[in-house]
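There's a structure below that I have some questions on.
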Amino acid sequence: MNSSQDAGSEPAGKGGKKTSTGRTILEYVVLAVVAIAVALLIQAFLVKPYRIPSASMENTLLIGDRVLVDRVSWRFSDPSRQDIVVFHPPFAGPVLIKRIIGMPGDTISLEDGAVYVNGDKLDEPYVRRIDGRAVPSDPFDNGLPWSLQAPYKVPAGNYFVMGDNRIDSGDSREFGPVPRGQLVGNAFARYWPPDRIGGVN
């Protein structure tokens, strides 16, 4: 009887191992699917990573830097002046990253290479510097009202954005103000490269 039980238990043991292995693989697959789904949800609604593709935000952000963009806080509050923002441009193309300079209703003007908002010179310590001097903020020569050849009033519900590297930035001086609905979120942290990890402002 004992030998019969032993003989009968061997196949049951092998089958149990197969079932256990199959269950483990299935659990890993489910966990992987859940992890991917959570990551996609986080990127869609909370925080999304972006890579800096150009020199327009130097020296605040360099080519190849990777930043995290907060996509949720603006559901409860409005963007602020000097926020670094990711947005869909008014033309067809990839998202861009610039800094908010003008708020809705602001009048933006340029004088001697500096930005003025509603007649007051804007303090801009983040503008790229060469040999210790800030690069000039010059108007664009495109004949458009937002080129800042003359003072420009930002329309309601729109934001005027500029790159920190004013001599190498296609921004609102070129394509105009950005509607609120085209703003994706504000960049709040740099996570790559390792020696530049930290907040951005």
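The values are calculated or read from the model by the stated rules, or taken from the named source; none is laboratory data. What you see is a predicted model, and the numbers here were worked out from it, not measured in a lab. Quick reminder, even Gly has a Cβ in these numbers, built from the backbone with ideal geometry, and neighbours come from all protein chains shown.
Which residues, taken from the range 159-182, are crowded, with 22+ Cβ neighbours inside 10 Å and part of a strand (DSSP E or B)?
Answer for the range 159-182, where residues must be crowded, with 22+ Cβ neighbours inside 10 Å and part of a strand (DSSP E or B): Tyr159, Phe160, Val161, Met162, Val178.
Is the range 175-186 home to any residue that is without any contact (Cβ under 8 Å) to a residue 12 or more places away in the chain and either charged (D, E, K, R) or farther than 27 Å from Arg75 by Cα (or both)?
Scanning the range 175-186 turns up no residue that is without any contact (Cβ under 8 Å) to a residue 12 or more places away in the chain and either charged (D, E, K, R) or farther than 27 Å from Arg75 by Cα (or both).
Let me ask something else. Kindly indicate the residue of the range 106-126 that is part of a loop (DSSP other than H, G, I, E, B) and of a type outside the set (Gly, Ala, Ser) and also nearest to Tyr159 (Cα to Cα) among those meeting that condition.
Asp106
With respect to Gly185, determine if the residue is within 13 Å of the chain's Cα centre (by Cα) and either modelled with pLDDT of 95 or more or buried (at least 18 other Cβ atoms within 10 Å of the Cβ) (or both). Write out each step before concluding.
Numbers: within 13 Å of the chain's Cα centre (by Cα): yes; either modelled with pLDDT of 95 or more or buried (at least 18 other Cβ atoms within 10 Å of the Cβ) (or both): yes.
Criteria met by Gly185.
Given the conditions (1) among the charged types (D, E, K, R); (2) out of contact with any Ser or Thr (no Cβ under 9 Å at 6 or more places or on another chain); (3) touching a residue at least 40 places away in the same chain (Cβ under 8 Å), report the number of the one that Asp164 does not fulfil.
Every listed condition holds for Asp164 apart from (2).
Additional query: Is it true that Arg190 is in contact with a helix residue (DSSP H, G or I) (Cβ under 8 Å, 6 or more places away or on another chain) and either outside the structural domain of Gly143 (by TED's automatic domain parsing) or within 15 Å of Asp65 (Cα to Cα) (or both)?
Spelling it out, Arg190 is indeed in contact with a helix residue (DSSP H, G or I) (Cβ under 8 Å, 6 or more places away or on another chain) and either outside the structural domain of Gly143 (by TED's automatic domain parsing) or within 15 Å of Asp65 (Cα to Cα) (or both).
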